[in-house]
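See structure below.
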Amino acid sequence: MGTPHGVLGTWVVILLLHWCGLGEASHQVFTELQSVSPAVVDTKLRTGYHFQPPKHWINDPNGPLYYKGIYHLFYQYNPKGAVWGNIVWAHSISKDLINWIPLEPAIYPTKPFDINGCWSGSATILQDGTPIILYTGIDPKEHQVQNIAFPKNLSDPYLQEWVKPDYNPIIAPTVRLNASAFRDPTTAWLGLDKHWRVLVGSKWNKRGKAILYRSRDFKNWTMVKHPFHSAVNTGMWECPDFYPVAEKGKIGLDTSMHGRGMKHVLKVSLDLTRFEYYTIGTYDHTTDRYLPDATAMDNSSGLRYDYGNFYASKTFYDPEKKRRILWGWANESDSVDADKAKGWAGIQAIPRTIWLDPSGRQLLQWPIEELRTLRGKQVHIRDKIVKSGDYFEVKGIQTAQADVKVEFDVSSLNLEKVEPFDYAFSNDAQALCKIKGADVKGRVGPFGLWVLASSNMQEKTAVFFRIFKAGEKHVVLMCQDTTRSSLSPDLYKPTFAGFVDLDIKKTGKISLRSLIDHSVVESFGEKGKTCITSRVYPSLAIGSDAHLFVFNNGEENIRVSKLKSWEMKRPSMNEA
Ligand code: DQQ
């Protein structure tokens with residue numbers, strides 16, 4: 001208790017690296033902690049509509065797929081405790097991606113090729129419709145190897161049993177590879193030559209890389225000589241994901257799709273920073289080379305799906321609704337002691353539909369449409385001015401488990417007179433937001449929402465925008481500030497931020513949607529251009545004591561053109 005704030009950040013980073021990052025072959029098993037599984041799991045701050053098992057630790061989403069009318073989600077799970085360890089592939093199924101039924105774990109250590117762990121991987125649907133799984137196993141020498149698993153019974157839409165053939169591993173690290181940094185195979189795709197391709201995340205010294213393998217039969221794999229893609233000083237590339245996106249429209253594409261009118265996305269999760277980055281680029285199916293567009297950076301100043309607690313994500317193509325869906329792990333901000341006491345740690349963020357922005361410069365994301373089925377009682381506000389330094393409460397519904405959409409209108413303001421943008425922060429929205437927090441007055445902004453706020457506002461999480469002038473253009477900053485989210489001192493309370501690629505002078509307005517769920521806030525700025533997820537653990541703003549406000553701490557008055565907020569119902573979430 002009482003960790004001084006100054007060292008808290010470092011302390012949490014070290015902690016996170018230890019629990020879930022697993023640095024190089026450093027996967028630790030907290031044996032002494034695992035017996036501390038409480039009889040009663042603390043439900044006070046458990047999420048209501050986010051994916052979570054009844055208890056214990058979860059991390060990466062694995063091998064999401066759709067088969068015979070059923071969505072499957074596998075995930076890294078510790079069946080014995082609320083800390084990382086004993087990892088198996090837990091398995092849940094759903095008809096709507098909202099209500100989930102738990103099944104027995106699909107893959108767990110049994111064979112020499114995975115005896116020390118069954119780590120992350122992906123699913124591929126073969127041309128005849130057979131789903132298969134590729135995952136990383138940890139062998140007796142602690143080497144990371146890639147294994148295959150098949151469903152035992154293809155007529156079972158629940159795919160309850162999986163078989164790991166004895167010819168595993170199908171890809172083992174050669175001497176020229178780093179055997180403790182060689183993991184997380186992607187979904188495979190079929191080339192024009194009818195050979196399969198798959199990427200495996202790795203690093204060599206400090207250079208992060210994705211290694212490409214090819215196979216004719218999915219059993220015998222050969223490493224392709226040229227590096228598929230790599231970047232200096234990025235460290236281990238965990239959980240790579242590689243897929244095509246249509247240049248126009250929201251429609252998703254199967255991972256093996258090729259032809260005109262598409263771009264490709266390569267996403268990597270950087271073990272060094274515990275954040276993810278993606279590039280948009282061109283993939284040449286004949287030469288097997290991927291070239292990121294000049295606008296997309298390859299490193300830690302690049303594009304991110306989410307600027308907050310969001311890691312080890314994975315997409316899959318949903319053939320039923322012809323869309324690509326993104327799953328991401330919303331890692332914890334709570335302390336290990338609190339996780340042990342609660343009896344659970346980690347959730348999956350709400351699945352998001354993902355597609356290319358018409359500008360081609362970035363991806364857009366939006367919570368899957370099925371989420372709307374959980375909306376209950378609502379309030380609707382129109383045309384309300386929030387004066388400089390003022391705020392109002394959104395009353396009439398409970399807001400600890402809610403979905404709120406708001407549109408701010410700045411069209412009548414003189415945007416030529418806003419604060420000048422300091423170019424030193426061009427690549428660091430987070431640093432800018434730390435200085436220009438929710439209470440630091442600007443000209444236009446900060447304005448936005450206070451969510452999970454206590455009635456006296458001692459606790460509140462701020463989600464807000466701020467507008468700057470940069471030469472002839474404007475810069476829009478979106479922040480999610482958790483520094484005042486809880487009175488508890490033992491938490492990681494970062495300010496997360498990203499820029500919003502928006503010509504605010506032209507649009508005259510900006511929108512925000514926040515999914516609030518007891519201990520998580522997932523926010524989508526300007527229709528999914530900039531997304532930020534935070535885990536928060538209020539000590540006062542809990543249940544019916546949680547409030548929702550709209551605030552404006554800028555000098556200019558802001559108009560809320562419309563606001564809608566819904567109470568969210570509880571789906572059936574992995575109840576036995
Ligand atoms: N988690 C898995 C690894 C992966 C890491 C182990 C990312 O396969 O690299 O639980 O969070």
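List of remarks:
- For peptides 167-178, 71-82, sequence by mean Cβ density within 10 Å, most packed first: 71-82, 167-178
- Relative contact order (%) - segment 237-382, alpha-carbon pairs under 8 angstrom, separation at least six: 20 percent
- Between S215 and K250, the C-beta separation translates, for a Förster distance of 30 Å, into a calculated FRET efficiency of about 0.40.
- Unit Cα scatterers, Debye sum, segment 372-568: log10 I(q)/I(0) for q = 0.08, 0.13 Å⁻¹: -0.23, -0.62
- Counted over segment 372-568, the DSSP beta bridges are approximately 95% antiparallel.
- Equivalent-ellipsoid semi-axes of the chain, from the Cα gyration tensor, Å, largest first: 38, 27, 22
- Cross-link partners for K194 among the lysines, with Cα-Cα distance under 21 Å and sequence neighbours closer than 8 places in the same chain left out: K219, K225, K263.
- Extension gain from D337 to E369, taking 0.36 nm per residue of separation minus the Cα-Cα distance: 7.9 nm
- Cα gyration tensor of segment 476-576 - equivalent ellipsoid semi-axes, whole Å, descending: 26, 18, 15
- ³J(HN,Hα) computed for each position of segment 423-439 - Karplus, 6.51 cos²θ - 1.76 cosθ + 1.60, integer Hz, glycine/proline x: 5, 4, 9, 3, 10, 9, 4, 4, 5, 5, 5, 5, 7, 9, x, 5, 9
- Taking W189, W57, W204, W221 and counting other C-beta atoms within 10 Å, the order from fewest to most: W204, W189, W221, W57
- Amide H contacts for M573 (H built 1.01 Å from N in the peptide plane; partners 5 or more residues away or on another chain; cut-off under 5 Å): W100.
- Set against the 2.2 N^0.38 Å expectation for a compact globular protein, segment 49-185 has a Cα radius of gyration ratio of 1.03.
- Amide hydrogen neighbours beyond the local backbone of W204, cut-off 5 Å, H modeled: K209
- Spin-label model, H380/I101: points 7 Å from Cα along the beta carbon direction are separated by 3.7 nm.
- Rounded to the nearest Hz, the phi-derived 3J(HN,Hα) couplings of segment 121-129 under the Karplus curve 6.51 cos²θ - 1.76 cosθ + 1.60 (θ = phi - 60°) are x, 9, 10, 10, 9, 5, 4, 8, x, where x marks glycine and proline.
- Taking θ as phi - 60° and the Karplus parameters 6.51, -1.76 and 1.60, the scalar couplings of segment 109-118 work out to x, 9, 10, x, 6, 8, 4, 9, x, 10 Hz in sequence order, x denoting glycine and proline.
- Span from the segment 372-447 Cα centroid across to the segment 518-558 one, whole angstrom: 9 Å
- Modelled this way, with points 7 Å down the Cα-to-C-beta line, the labels at M457 and Q127 are 6.4 nm from one another.
- When only Cα pairs below 8 angstrom with a gap of at least 6 residues are kept, the chain shows a relative contact order of 15 percent.
- The Cα-based radius of gyration and maximum Cα-Cα distance (Dmax) for segment 196-320 are 14.4, 42 Å.
- Once the Cα-Cα distance is subtracted from the 0.36 nm per residue extended length, the Y158 to K434 segment shows a gain of 94.7 nm.
- Once the Cα atoms are used to define both axes, helix 5-16 deviates from the longest principal axis of the chain by about 20 degrees.
- Based on C-alpha pairs under 8 angstrom that are at least 6 apart in sequence, segment 372-568 has a relative contact order of 40 percent.
- In the chain, helices alone account for a calculated mean residue ellipticity at 222 nm of -1500 deg cm²/dmol, with every DSSP H run of four or more residues adding -39,500 (n - 2.57).
- Rough spin-label spacing in nm, given labels placed 7 Å along Cα→Cβ, for K505 and V232: 3.7 nm
- Gyration tensor (alpha-carbon) shape descriptor, segment 352-464, a/c threshold 1.5: oblate
- Near the amide H of C531, within less than 5 Å, lie the amide hydrogens of Y307, G525, all on another chain or at least 5 residues away, with H placed in the peptide plane.
- Relative packing of peptides 262-271, 470-479, 244-253 - highest average C-beta neighbours within 10 Å first: 262-271, 470-479, 244-253
- Segment 89-155 and segment 169-187: distance between their alpha carbon centers, rounded to Å: 17 Å
- 10 Å binning of all Cα-Cα separations within segment 402-499, expressed as whole percents from 0 upward: 15, 45, 30, 10, 1
- Full extension of the segment from V224 to K141, taken as 0.36 nm per residue of separation minus the current Cα-Cα distance, would add 27.4 nm.
- Rounded to the nearest 0.05, the FRET efficiency derived from the C-beta distance between Y423 and W204 at R0 = 56 Å is 0.95.
Any read-out appearing in this document is the output of simple, stated calculations on the displayed coordinates, not a laboratory observation. The structure presented is a predicted model; accordingly, all values stated were derived computationally and were not measured. Every residue, glycine among them, receives a Cβ derived from its backbone with ideal geometry; neighbour counts consider all protein chains shown.
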